[in-house]
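I have placed the structure first, in the form of structure tokens, so that the comments after it can refer back to it.
The values are calculated or read from the model by the stated rules, or taken from the named source; none is laboratory data. Small disclaimer: the values here were computed from a predicted structure and weren't measured. Reconstructed Cβ throughout: ideal geometry from the backbone, glycine too, with neighbour counts over all protein chains shown. Note: areas computed on protein heavy atoms with side chains; ligands, DNA, RNA excluded. Shrake-Rupley method; radii C 1.70, N 1.55, O 1.52, S 1.80 Å.
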Amino acid sequence: MNISITTSPDKMEAYIKVSNILPGEEITLEKLMDAIRDAKIVHNIDISALKQLCKNPVEGVPVLFAKGDEPRNGEDGRIVFEVLHQRPSFTTSGNRVDFREFPVQKRIIVKKGQKIATIYPPTEGVPGRNVYGELVSAKPGNEAKVSLGKNVALSEDGIHIVATSDGILKVDPEKGLIEVSEYLEIEGNVDYATGNIEFPGAVLVKGDVKPGFIVRAKGDIEIQGVVEASTVISLEGSIKLTGAKGKDKGLVKARKDVHLKYAESVTIECENLYFESNLLNCTVRVTNSIIGQGRNSAIIGGECVATSRIEADELGSDFGVNTYLEVGVNPYLREELKLINTQIEIDRTSLQKLINIVKQFKELKERGVKLSPDKEEQFSKATRTLINLRDQLEKNLQRKQELERKINETKYQCEIIARKMLYPGVEVHMHDAKYMADIPLPKVVLRYEDGKIVAGGYSGT
């Protein structure tokens, strides 16, 4: 009987074959093991396979009796984005969810210093062993492919990717590029497909802002379409847009300037407002000037308040539309003073009612009338409210005096210019003076002189 041992080219499998078995010759496990030892096969020997061969020998057929351990190659390095696992939050109103907030989750906004992702290194892998007992090396994993773009950096330990600026996370899987952009571009409209926009940088919207939606950004905002009964706010920059149709619900507010072609029934608050054609029935408050720059620019209806200057080709219309214009006072100081005066009147009325109530209680107690616990509690509550209301009224009176002082100290050089025509129906206020034209006034400049508003000719073009 012949016993032969062979192995696969990679030495991971060993085969045993018996041949030339003589009549009556017995195949024993000892004989097979002797041959295996001579061949120096030592790892993962399958004794059951050898016993089966002894029991049912088949001449000339190789039998697998040993198999090595395959090496486990190392895992590739990977990047896990923590920002993708943040729990989404939705704005709710009662039991109804505001669906304008849902698409916001598609835009991943990060803050300066925020951890964006963790880089996990590759593993070395686990070596294997062949049938001879020799180690078979494993291939280590590949490093994660990552390229850091703008406004991101590695942490000191090299494990985390951190934002170095507020902005929107951008990832290019093909290039392995990770960056944070301070500029957000919306290709179409701001509507249910995009959701409300809340961004810490600059924003460009190539379409309209649909009714009820909000665009709020820290930097500049440009809307290439129309703002429709919606809200656009730049916390630190300027706003540029084609037009605004507010339906008395829209708000455009900027820390700096607002540039637009036209606006209708919208509230605008900024430093300077520059418009090209018409402001129709708008409420405008600016801390500097309102300037119509285009030909035939007009302010018709509404209320416009500016600290320094209001200027357009036409003010009002030949239909006598009521148009309120005011210059010379910071509109926010004036507005606060108006609210303070209203609150003072309310407080004085409430205070007098409380004084009467407390007085009645005191008269009852002086006459020896025994009051029920409920009445006693009412008396105590009225007394406490009276004390608090007096304190509040005193603070409001002090604030009123402070506002009036500021307004008097900061009366500005101001003017209102109608380059072509000022129509009847326009009510002009400058400081403590009021002016209304009885007839159309062509090319007129209104200024404040000696406590009254005087009209002069406009010599510009």
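Search region 303-344 for residues being polar (S, T, N, Q) and touching a residue at least 40 places away in the same chain (Cβ under 8 Å), and hand back the single one that is most open to solvent (accessible area, probe 1.4 Å).
Going through region 303-344, the residues polar (S, T, N, Q) turn out to be 307-308, 317, 322-323, 330, 341-343.
With the extra rule that they be touching a residue at least 40 places away in the same chain (Cβ under 8 Å), the set shrinks to 307-308, 317, 322-323, 330, 341, 343.
On the way: 307: 6, 308: 34, 317: 14, 322: 123, 323: 3, 330: 34, 341: 54, 343: 67 Å².
Here the answer is 322.
Tally time: how many residues in region 291-302 are modelled with pLDDT of 95 or more and either open to solvent by 10 Å² or more (accessible area, probe 1.4 Å) or outside any loop (DSSP other than H, G, I, E, B) (or both)? Spell out the reasoning first.
Taking region 291-302 first, the residues modelled with pLDDT of 95 or more are 291-292, 297-302.
Next cut, either open to solvent by 10 Å² or more (accessible area, probe 1.4 Å) or outside any loop (DSSP other than H, G, I, E, B) (or both) only: 291-292, 298-300, 302.
Number of matching residues: 6.
Starting from region 217-244, take each residue that is on the phi > 0 side of the Ramachandran plot and list its partners that are part of a strand (DSSP E or B) and of a type outside the set (A, V, I, L, M), counting only C-beta distances under 8 angstrom and pairs at least six apart or across chains.
229/245; 229/246; 229/247; 229/249; 229/250
So which residues in region 69-97 are at pLDDT below 50 and open to solvent by less than 100 Å² (accessible area, probe 1.4 Å), if there are any at all? So that I can check it myself, show each step before the final result.
Kept after step one, since they are at pLDDT below 50, are these residues of region 69-97: 87-97.
Those that are at pLDDT below 50 and open to solvent by less than 100 Å² (accessible area, probe 1.4 Å): 88, 89, 90, 91, 92, 93, 94, 97.
Do we find that residue 247 is touching a residue at least 24 places away in the same chain (Cβ under 8 Å) and touching a strand residue (DSSP E or B) at 6+ places or on another chain (Cβ under 7 Å) in this structure? Even if it seems obvious, please write down each step before you answer.
Details: touching a residue at least 24 places away in the same chain (Cβ under 8 Å): yes; touching a strand residue (DSSP E or B) at 6+ places or on another chain (Cβ under 7 Å): yes.
Considered against the rule, which asks whether it is touching a residue at least 24 places away in the same chain (Cβ under 8 Å) and touching a strand residue (DSSP E or B) at 6+ places or on another chain (Cβ under 7 Å), residue 247 comes out as yes.
Would it be correct to say that residue 444 is in contact with an Asp or Glu (Cβ under 9 Å, 6 or more places away or on another chain) and either open to solvent by less than 30 Å² (accessible area, probe 1.4 Å) or assigned to a strand (DSSP E or B) (or both)? Explain how you work it out, then say what you get.
Details: in contact with an Asp or Glu (Cβ under 9 Å, 6 or more places away or on another chain): no; either open to solvent by less than 30 Å² (accessible area, probe 1.4 Å) or assigned to a strand (DSSP E or B) (or both): yes.
Judged against the criteria, residue 444 is not a match.
Sort out which residues of region 175-210 are open to solvent by 50 Å² or more (accessible area, probe 1.4 Å), closer than 23 Å to residue 228 by Cα and not in a strand (DSSP E or B), and write them in order of number.
187, 189, 192, 193, 206, 210
When you scan region 14-34, how many residues do you find that are open to solvent by 50 Å² or more (accessible area, probe 1.4 Å) and assigned to a strand (DSSP E or B)?
Of the residues in region 14-34, 2 are open to solvent by 50 Å² or more (accessible area, probe 1.4 Å) and assigned to a strand (DSSP E or B).
Can you name the condition, by its number, that residue 172 falls short on among (1) in contact with a strand residue (DSSP E or B) (Cβ under 6 Å, 6 or more places away or on another chain); (2) surrounded by fewer than 21 Cβ atoms within 10 Å (Cβ to Cβ)?
Going through (1) in contact with a strand residue (DSSP E or B) (Cβ under 6 Å, 6 or more places away or on another chain); (2) surrounded by fewer than 21 Cβ atoms within 10 Å (Cβ to Cβ) one by one, residue 172 breaks only (1).
Read through the list (1) open to solvent by less than 70 Å² (accessible area, probe 1.4 Å); (2) part of a strand (DSSP E or B), then give the number of the only condition that residue 224 fails.
(1)
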